[in-house]
Amino acid sequence: MAGDQLQVLNALDVAKTQLYHFTAIVVAGMGFFTDAYDLFSISLVSKLLGRIYYTKVGAEKPGTLPPTVSSSVTGVALVGTLVGQLFFGWLGDKMGRKKVYGMTLLIMVVCSVCSGLSFGGTPKGTMATLCFFRFWLGFGIGGDYPLSATIMSEYANKKTRGAFIAAVFAMQGFGILFSGIISLIVSSAIDHHYKAPTYEQNAAASTVPEADYVWRIILMFGALPAALTYYWRMKMPETARYTALVAKNAKQAASDMAKVLNVEIEAEEDKLERISKRKSNNFGLFSKEFLKRHGLHLFGTTSTWFLLDIAFYSQNLFQKDVFSAVGWIPPAKTMNAVHEVFQISKAQTLIALCTTVPGYWFTVAFIDIMGRFAIQLMGFFFMTVFMFAVAIPYNHWTEKANRIGFVVMYGLTFFFANFGPNATTFVVPAEIFPARLRSTCHGISAAAGKAGAIVGAYGFLYAAQSTDKTKTEHGYPPGIGVKNSLIVLGVINFLGMLCTFAVPETKGKSLEEASQENVDGDDEAEGV
């Protein structure tokens, strides 16, 4: 009974690309812009936090965050994000996409501001407050993943749906880029106005009191883009697929979409009642029927996102450490505190501008031509190739004459992450599960990704330490070194390529076709 489609859903599937599509991309995308800004801006200021709060008088090198503090500051938002993805993903299927959408944005705005206002009489107190607010910031960010993807997939037409969902996610690239630009502006302004010697020249004077404003301003700036889009989020009507297929209100769905599409749409309440009685529209998440229809799909979306994020977040959150190791960022003691922020920001901004952002938009351009499966497989393949190309001859890349080559090769792994699985793992879970479970299953898939990010954030921090005990950062035990850590990431990328074979292709299909909502097992057997 694949042809037994509600008129309102068919109207959405065949609608020409128009203004409301682009409005939805911008409104949903600004949430992702904020998500990326908030998650990745911490890597720009973590070295500064170490200098301000953990420098010891007379020490040869500037202070760094102790291992437990560093991993907590970097990783606590990821833990919050994981919890938020599961909770808000479930809530989006229970209460509706729109109602929950506003909640997540408000949490993000409030907690971005509070992160910058973190207070405490001791270093430990300040870091504990920062971690508290970043956990709840992550909680709000987590809700944005399943809701943005689900709303965009349910609004889009089937011809360009992949590009629209990928465009929402591509705003993440601009968020990473913007965090680097804001950090460059703030650090250069403070560094220019408050001249300070390097740590080598005068350790005490190398960190000016005003440096404390730098990290606070950078973190608080994340509230601005989210606040600007709140009004427009609240004006968006509930998606027709939720209203019709989950809330069972055909009249409201037809009315909402008639306004959006500017066409007459019949309510078709009798047809909706008939559709809602099908076996394919009545099984739950923990049923044998779900396992039979979507068990392999859920394994595919969770495993690929988990493996991708181990590599992706390791690379993003700790690229400053990798660049320091190969000498692209000067040694910390040859800079003052604020200038170090500038150098780290410059490196991240260049990588984002030249490889991260273009990678996202290549996916937007080609996803509805090549398909999700081909892009994801290709991305994992080239991530594996370039990671091994960086890792195996690692000592060659550390020589001064070869550093630019290293940055190019390392940057290409970012490009193929984004013109590859980082985008497709976000797109596919929003297409292949039934409407009543779509937000929940996307949340589960995304949470698996954040579990990988947590493994990357906590694990890479320790693993990348030198095998020589005398060369590790203060407080860290010896690790396996940057070279071996990069080899491990290459292996993880290869496993991601293998798990991609459990992910179905959805190019050109309606959401009801892709999720098999309009095909009943009994109907197929009877040849109906």
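The values are calculated or read from the model by the stated rules, or taken from the named source; none is laboratory data. Computed from a predicted structure; not experimentally measured. Neighbour counts run over all protein chains shown; Cβ positions are idealised from the backbone, glycine included. To get the accessible areas, we keep the full protein, side chains included, count just its heavy atoms, and leave off ligands, DNA and RNA. Shrake-Rupley method; radii C 1.70, N 1.55, O 1.52, S 1.80 Å.
Worth a mention:
- Screening the candidates I185, I181 for the property of being surrounded by fewer than 17 Cβ atoms within 10 Å (Cβ to Cβ), under 17 Å from F40 (Cβ atoms), touching a helix residue (DSSP H, G or I) at 6+ places or on another chain (Cβ under 7 Å) and not acidic (D, E) yields one hit, I181.
- Scanning segment 233-265 for residues that are touching a residue at least 60 places away in the same chain (Cβ under 8 Å), charged (D, E, K, R) and more than 20 Å from L511 (Cα to Cα) turns up just one, R233.
- Selected residue (criterion: nearest to V390 (Cα to Cα)) from residues of segment 454-482 that are of a type in the set (A, V, I, L, M) and either open to solvent by less than 60 Å² (accessible area, probe 1.4 Å) or not in a loop (DSSP other than H, G, I, E, B) (or both): V482
- Hey, K159 modelled with pLDDT under 95 and out of contact with any Pro (no Cβ under 9 Å at 6 or more places or on another chain) or not: yes
- Selection count where residues are under 14 Å from R216 (Cβ atoms), free of Cβ contacts under 8 Å to residues at least 60 places away in the same chain and open to solvent by 40 Å² or more (accessible area, probe 1.4 Å), scope segment 88-119: 1
- Lone qualifier among L19, L6, L48 - being of a type in the set (A, V, I, L, M, F, W, C) and modelled with pLDDT of 90 or more: L48
- Scanning segment 209-232 for residues that are in a loop (DSSP other than H, G, I, E, B), open to solvent by 40 Å² or more (accessible area, probe 1.4 Å), touching a residue at least 12 places away in the same chain (Cβ under 8 Å) and over 14 Å from I181 (Cβ atoms) yields a single hit, E210.
- Given (1) surrounded by fewer than 24 Cβ atoms within 10 Å (Cβ to Cβ); (2) within 23 Å of L350 (Cα to Cα); (3) of a type outside the set (A, V, I, L, M), index of the condition F169 fails: (1)
- From the options A211, A258, residue that is modelled with pLDDT of 90 or more and of a type in the set (A, V, I, L, M, F, W, C): A211
- Enumeration of residues in segment 53-76 that are part of a loop (DSSP other than H, G, I, E, B), touching a Leu at 6+ places or on another chain (Cβ under 7 Å) and surrounded by fewer than 22 Cβ atoms within 10 Å (Cβ to Cβ): none
- Segment 352-395, residues that are open to solvent by less than 10 Å² (accessible area, probe 1.4 Å) and not in a helix (DSSP H, G or I): G371
- Residue, modelled with the lowest pLDDT, within segment 276-288, restricted to residues that are open to solvent by 30 Å² or more (accessible area, probe 1.4 Å) and assigned to a helix (DSSP H, G or I): K279
- Of all residues in segment 295-314, those satisfying the criterion of being over 18 Å from Q85 (Cβ atoms) and either in contact (Cβ under 8 Å) with a residue 24 or more places away in the chain or open to solvent by 30 Å² or more (accessible area, probe 1.4 Å) (or both) are L296, A311, S314.
- The residue that is farthest from M95 (Cα to Cα), counting only those in segment 243-258 that are more than 32 Å from the chain's Cα centre (by Cα) and assigned to a helix (DSSP H, G or I), is A258.
- Just so you know, in segment 13-42 the residues that are of a type in the set (S, T, N, Q) and either in a helix (DSSP H, G or I) or touching a helix residue (DSSP H, G or I) at 6+ places or on another chain (Cβ under 6 Å) (or both) include one that is farthest from G140 (Cα to Cα), and it is T23.
- Residue among E269, E200, E238 that is acidic (D, E), touching a Lys or Arg at 6+ places or on another chain (Cβ under 8 Å) and open to solvent by less than 40 Å² (accessible area, probe 1.4 Å): E238
- Verdict on G449 being over 17 Å from M152 (Cα atoms) and assigned to a helix (DSSP H, G or I): yes
- Set V428, V407: member being open to solvent by less than 10 Å² (accessible area, probe 1.4 Å) and of a type in the set (A, V, I, L, M): V428
- Within segment 270-291, being within 16 Å of T243 (Cα to Cα) and aliphatic (A, V, I, L, M) holds for L272, I275.
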